[in-house]
Protein chains: 6
Amino acid sequence: MSNQGLLVIAPHPDDETLAAGGTIALCAAAGLPVTILTVAAHMPPLYSEAVHQQTVAEARRAHGILGVTDSQFLDLPAVYVSEQPVAELNGAIAAVVEKVRPTVVLCPYPDRHVDHRAIFDAAMVATRPVGAGAGIKLLAAFETLSETHWNAPHIEPNFTPNWVVDVTTTIERKLEALACYESQIPAFPGPRSIEAVRALAMFRGTQSGFAYGEGFHIIRMTASADILTGALRPGAS
Amino acid sequence: MSNQGLLVIAPHPDDETLAAGGTIALCAAAGLPVTILTVAAHMPPLYSEAVHQQTVAEARRAHGILGVTDSQFLDLPAVYVSEQPVAELNGAIAAVVEKVRPTVVLCPYPDRHVDHRAIFDAAMVATRPVGAGAGIKLLAAFETLSETHWNAPHIEPNFTPNWVVDVTTTIERKLEALACYESQIPAFPGPRSIEAVRALAMFRGTQSGFAYGEGFHIIRMTASADILTGALRPGAS
Amino acid sequence: MSNQGLLVIAPHPDDETLAAGGTIALCAAAGLPVTILTVAAHMPPLYSEAVHQQTVAEARRAHGILGVTDSQFLDLPAVYVSEQPVAELNGAIAAVVEKVRPTVVLCPYPDRHVDHRAIFDAAMVATRPVGAGAGIKLLAAFETLSETHWNAPHIEPNFTPNWVVDVTTTIERKLEALACYESQIPAFPGPRSIEAVRALAMFRGTQSGFAYGEGFHIIRMTASADILTGALRPGAS
Amino acid sequence: MSNQGLLVIAPHPDDETLAAGGTIALCAAAGLPVTILTVAAHMPPLYSEAVHQQTVAEARRAHGILGVTDSQFLDLPAVYVSEQPVAELNGAIAAVVEKVRPTVVLCPYPDRHVDHRAIFDAAMVATRPVGAGAGIKLLAAFETLSETHWNAPHIEPNFTPNWVVDVTTTIERKLEALACYESQIPAFPGPRSIEAVRALAMFRGTQSGFAYGEGFHIIRMTASADILTGALRPGAS
Amino acid sequence: MSNQGLLVIAPHPDDETLAAGGTIALCAAAGLPVTILTVAAHMPPLYSEAVHQQTVAEARRAHGILGVTDSQFLDLPAVYVSEQPVAELNGAIAAVVEKVRPTVVLCPYPDRHVDHRAIFDAAMVATRPVGAGAGIKLLAAFETLSETHWNAPHIEPNFTPNWVVDVTTTIERKLEALACYESQIPAFPGPRSIEAVRALAMFRGTQSGFAYGEGFHIIRMTASADILTGALRPGAS
Amino acid sequence: MSNQGLLVIAPHPDDETLAAGGTIALCAAAGLPVTILTVAAHMPPLYSEAVHQQTVAEARRAHGILGVTDSQFLDLPAVYVSEQPVAELNGAIAAVVEKVRPTVVLCPYPDRHVDHRAIFDAAMVATRPVGAGAGIKLLAAFETLSETHWNAPHIEPNFTPNWVVDVTTTIERKLEALACYESQIPAFPGPRSIEAVRALAMFRGTQSGFAYGEGFHIIRMTASADILTGALRPGAS
């Protein structure tokens, strides 16, 4: 049976909306199954259980607004993801890929947050083009404001998108979902403020031929060119 | 009116088949319009007019085998492309993009052949995401045996594919088309021999989950994720 | 005699404002001499003389708003800069550096516009750390919307700023100056629209600890660390 | 006493043959001492002891076919190498370098297998140009099918060889040795199938002027140019 | 209250002098507060307590010669820094940044010494442009002889300075301070010998327009251009 | 007939000595044929014929000291090399490679001097691994003080050597040869002063395990590992 649907691997609650909320909403609106796997949680030892519960509740509200069909939480403690044995973290994420069998996977870019790096590594192993991974048509890394751009320029990898999705029709829905994360989103000029998120979308979009965009770094695509052509899909937008 | 079809910008006759013959055959078999724009020709001052005619005839035979719908030749003299004023070369290629209005464009990787570099530059200008370029969903650079891998490692850009197309069903057709280029294709172990081309396809394919592949470097994609998942949905329009 | 002041080397009218208008206004407000050298002009053969005159007039108005002290125009024809013999272009720019003797030089990033590349090359030669160049404390390349981000990702150099200037106090002045370029600045969602320029400034700023910023790529700095700490010391001379 | 001979640091049994079997066979045929240090083993907790014994037996058979003079096994558990304290792993590998005192060292490229990365790091420390390391004339990283090419393009380092060894005379011996690893080598189109290994060798060779090659990334060479010249070695091939 | 002064984060005793002694002496001579945070120590398990005490005493003598105002030691065991939980190492370094509130921070380049990498990572987190970090005007990585240049060329990041400080007036003081580290500094041609350090300074300096220099890789600068200009600081050199 | 000997492609008189004088002297002392091809000349229009004659005479004296067996001069005007049609420059350099049939080729790194870039490009074409090029065992780019390190950091390629030759026994001879270039070599702290050249050699050497070194960037090596091993060459150092 062939793979289908979108899987977004989010390090912490809010990353999926911050980075890919517009794309998620587009896919959901098109009737595709969308799964969000949130790997780490704002839980003890660094956070209280109350904060944990709040962020999960915020995530569920945000996912509802975006039209997510399946929300999964691995509940590893934030900032301690890299202390897990590699084989165990890899195994946990691989099990989800095996079960969901997605066509498109979005994972974090390996940036300044140590959890993002550990989860990027695990996602890379879980999506290798063998077994369930062979059915993935597109694997891409997303841009997370206030972490991705804090990598050291020209020492660590620096995000430059090679894929920008037109989210002009879903940007307001994305910002509405983001506003659910009251515990995470600061006021302007905070680096993850609503204004900053809108500005990034406008920057990515206007450099790509439209108003608002979300940028991604394609890691591996195996889709055939004929899928992308309008001629095969009469009436497709 | 929205863009549609595939445009391959080939520096010289045989590059389109060598680099993307399997992908071209896939698209043609799917009923898509495929245009090949061959920019330079093996013509005077470096080649005789007889060689010129022979290579054009070989190209037309190869294109026929692959199912190409439109073959265009700009007829600039090989190895002298970079002597053209930049504005003129850009204009000539932009005019074709404007007329064809493709969804997917494949251009040469900027490698050791000076013509490939000049044509890469011109293609980058002609496909900017404005005007006709805004309708292009995917722009990618292709791999040309015996030029792409002669770039200086770690000084010049080195080809690493982020898109591999499964050409298992069209690899034999590609090699049949390539064999038309009797004037260009040497015997094994020549760097563009039939055996070398098959070996590269097997290497790219087996590292991507299938038997034979063609590798590309995606420069800009604006396709939405739902196109990739939608096309695989049962009953998708 | 030691160098002093800021020199901005703009490929075409509007680039200086688009890329560095906020920084220019900051320096001018601090009483520093600011020179803009505009290298190319929208003139024949690609443009009419009327357009040429209009863009120069627009530039002079914009420079006035920003507080520029010296506006120089080399008047090379746009898109034909790279057809100049290298020695002549280098000489023309070096002569300006020799005369102005700046402390800080801002030049274009080598991006998708062929003129930007040729002028980057010439600026690199003119600012070598010998002769007048030895007095330059900081050389940096600027970001030009709708050209810098059209370089091919991961093939050509991709802009990542290592210097962001807080232009929160001058962003409105910058946008006012930019609005003078009626012939160059399109409506939103155009890639050089006022909205796009504001969005980029907000993105750069919020990732750097403030509201609005202009990003640069530092090429060579020879300032001593005590200048940076000394200037902030209470009672510093 | 000066160093001599070849040391190959293999992460797991089969990597040495997969990546460098042809080069090993060339050196062995020339009468040079060749040591294979296999660092990790397919052992508990991830594998059974029976698998462990089988892979060691397969390695010994393969080494015999290639003409290896010394086979050493560190027996760290696979996928758990990076859990070792860095000082201990470094010490274990450095001790071998100290004892073998090789002239040429081949180590894994830091790729998608976490063990490969940890062993690359340890090898880099063990071969620093001090002490026994000062006698090493050439240190290079090898290419391991189905791991090296699964690094994320343009985020992680991507393998591009700057050294290709002509293994036309030993390719069949290499494939014969590889066939010993019945537990590791899948059927075509498996990414480590015999056919895939032959295809890579043909691709590397034909782009370098011969039929079959093995590619390496030179990390540090201190050999003098006069060693490479034919004039000093009458009768050398 | 605004930040002021220089903070140098040294992995081990001697790194601060080796890499930045001339710059430290310049700042101290200008009357600026200079803090050295030495993170790791040559202590058990790899070193005896006697060695530990000796290196601390050497460091204090060297700091005295350079004019350092504050010497802090975190006393983590050398080569075991990366075994610390990430959150704890980050917290320890962040606490110092919070207390010192520097304007300029110098940290190690992520090179061949595993401690340097762990401390680079922690320094990057501690200096993010939020909270106390928002007051930092300049963050740069320094060059440590016999570790920085042992990174694998073109696989790991390779040091190329974009900031060179003229230390012609303080090079002799730097070498005098370095000579205090009798336990660490070998005789020529040792890679950290006095002669090697002088040679590097002469190389960096002469390529930048002066006699002796110290090279740095700027990671993030937020200083405004007007700080760098002579016009604002009458009498400044 | 197999290739033999060393070919150094120098852009201008003095580059061969500045960059590779120690290596040239080592090869010459070992009895190998060494050819220097000097491509450009300090001649009209930028220089007088008297300067031209002086630099050629200086080159011949320097070559004599180093033991060069064959000195060839192409006599293209300096700074105008890139104005030559590409096919002609390529042809002129390829003809020399064809005639000399070297085993090792050293060419300029593509740095801040436009002539160096044009000659690098032509050398890359002339040494492709076909025809006479297939006999070249090693192609490497050399480091030219005061041009190579003036490339823009992290925008243009930055020199990091992966091959360092121990020139401890020939450094004095190199400096003696360099001193012949009275018209080209400035006093300290000039960027090409004798002191700067010695400092670079000491820096490269001490980081590689010896006193003085010359660094190169290996572009393509096809030598077999057995050539490098001492065991095959009894009595070899």
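Here chain E is treated with +1 on each Lys and Arg Cβ and -1 on each Asp and Glu Cβ, and its dipole about the Cα centre works out to around 640 debye. Within chain C, the selection of entire DSSP H helices by a Cα span of 24 Å or greater along the long axis and an average Kyte-Doolittle value of at least -1.0 returns C:49-66.
What are the GluC sites (Glu not before Pro) within the stretch B:160-189 that DSSP puts in a loop, where the Cβ has at most 15 other Cβ atoms within 10 Å?
Passing sites in the stretch B:160-189 are B:Glu182.
Note on the stretch A:102-192: dipole from Cβ charges, positive end direction compared against A:Ala132, A:Pro191, A:Ala177; the farthest Cα belongs to A:Ala132. Peptide F:71-80 is shielded by partner chain Cβ atoms: per residue, an average of 1 of them sit within 10 Å of its Cβ.
Computed on the Cα trace of the stretch C:8-99, the radius of gyration divided by the Kirkwood hydrodynamic radius gives Rg/Rh = 0.99.
With a Förster radius of 25 Å applied to the C-beta separation of D:Arg60 and D:Glu98, the computed FRET efficiency comes to 0.55. Take C:Glu98, push a point 7 Å out from Cα through the beta-carbon direction, and compare it with the same point in every other copy: 4.3, 4.3, 5.7, 6.2, 7.3 nm, smallest first.
The helix-only estimate of mean residue ellipticity at 222 nm for chain F, built from DSSP H runs of length n ≥ 4 each weighted as -39500 (n - 2.57), is -11500 deg cm²/dmol after division by the residue total. When all protein chains stay in place and ligands, DNA and RNA are ignored, the 1.4 Å accessible-area order of E:Asp75, E:Asp14, largest first, is E:Asp75, E:Asp14. Dipole magnitude for the protein assembly as shown: about 40 debye, using +1 per Lys or Arg Cβ and -1 per Asp or Glu Cβ, origin at the Cα centre.
Report the C-A buried area as the accessible area lost on both sides summed, probe 1.4 Å, in Å² to the nearest 100.
Roughly 2100 Å².
Taken over the C-alpha atoms, chain D has Rg and Dmax values of 17.0, 55 angstrom.
Once C-alpha pairs closer than 8 Å and six or more residues apart are averaged by separation and normalised to the residue number of the stretch F:88-237, the relative contact order reads 23 percent. Put simply, when E:126-135, B:200-209, D:48-57, F:120-129 are sorted by average Cβ atoms within 10 angstrom per residue, most first, you get B:200-209, F:120-129, E:126-135, D:48-57.
Computed on protein heavy atoms with a 1.4 Å probe, the accessible areas place A:Arg101, D:Arg61 in the order D:Arg61, A:Arg101, largest first. Sorted from nearest, the other copies put their C:Ser183 label points 4.7, 4.8, 5.8, 7.2, 7.6 nm away, the label point being 7 Å from Cα in the direction of Cβ. For the protein assembly as shown, what % of the accessible area comes from carbon and sulfur atoms, probe 1.4 Å? The nonpolar share, carbon plus sulfur, comes to 54 percent. When all protein chains stay in place and ligands, DNA and RNA are ignored, the 1.4 Å accessible-area order of B:His12, B:His154, largest first, is B:His154, B:His12.
Normalising by residue count, the stretch F:126-233 has a Cα convex hull of 163 Å³ per residue. Positive-end ranking of D:Met202, D:Leu228, D:Ala78 along the dipole of chain D, with charges on Cβ about the Cα centre, is headed by D:Leu228.
In this structure, the pairs whose alpha-carbon distance is over 26 Å, taken from C:Lys99/E:Lys174; D:Lys174/F:Lys99; C:Lys137/E:Lys174, are C:Lys99/E:Lys174; D:Lys174/F:Lys99.
The alpha-carbon atoms of the protein assembly as shown define a convex hull whose volume equals 158 cubic angstrom per residue.
Take the Cα of B:Phe188, step 7 Å toward its Cβ, do the same at A:Thr169, and the gap between the two points is 5.1 nm.
Distances between equivalent label points of B:Pro85 across the copies, with each point positioned 7 Å along Cα→Cβ, amount to 1.9, 1.9, 6.9, 7.0, 7.2 nm, shortest listed first. The relative contact order of the stretch F:41-157 comes to 24 percent, based on Cα pairs under 8 Å that sit 6 or more residues apart. When the charge dipole of the stretch D:1-103 is built from unit charges on Cβ atoms (+1 for Lys and Arg, -1 for Asp and Glu) and taken about the Cα centre, the candidate among D:His42, D:Leu89, D:Ala59 whose Cα reaches farthest toward its positive end is D:Ala59.
Please compute the net charge surrounding B:Asp15, taking Lys and Arg as +1 and Asp and Glu as -1 over other residues with Cβ under 14 Å from its Cβ. Overall, the nearby charge balance is -4. Partner shielding of D:162-175 amounts to 3, given as the average count of beta-carbon atoms from other chains within 10 Å of each residue beta-carbon. Taken about its Cα centre, the stretch A:117-193 carries a charge dipole of roughly 240 debye when the Cβ of each Lys and Arg holds +1 and the Cβ of each Asp and Glu holds -1. Take each residue in A:120-132, count the other chain C-beta atoms within 10 Å of its C-beta, and the mean is 3. Summarising the rotation from chain F to chain D, the nearest chain F beta-carbon to the axis and its distance in Å are given as F:Ile218, 3.
Rounded to the nearest 5, the antiparallel percentage of DSSP beta bridges internal to the protein assembly as shown is 30%. Rolling a 1.4 Å probe across the protein heavy atoms gives the protein assembly as shown an accessible surface of 30 Å² per residue.
The values are calculated or read from the model by the stated rules, or taken from the named source; none is laboratory data. This one's a predicted model, so the numbers in the text were calculated from it and none came from an experiment. So basically every Cβ, Gly included, is an ideal-geometry build from the backbone, and we count neighbours across all protein chains shown. The protein model used for the area step is the full one, side chains on, heavy atoms only, and it has no ligands, DNA or RNA in it. Shrake-Rupley method; radii C 1.70, N 1.55, O 1.52, S 1.80 Å.
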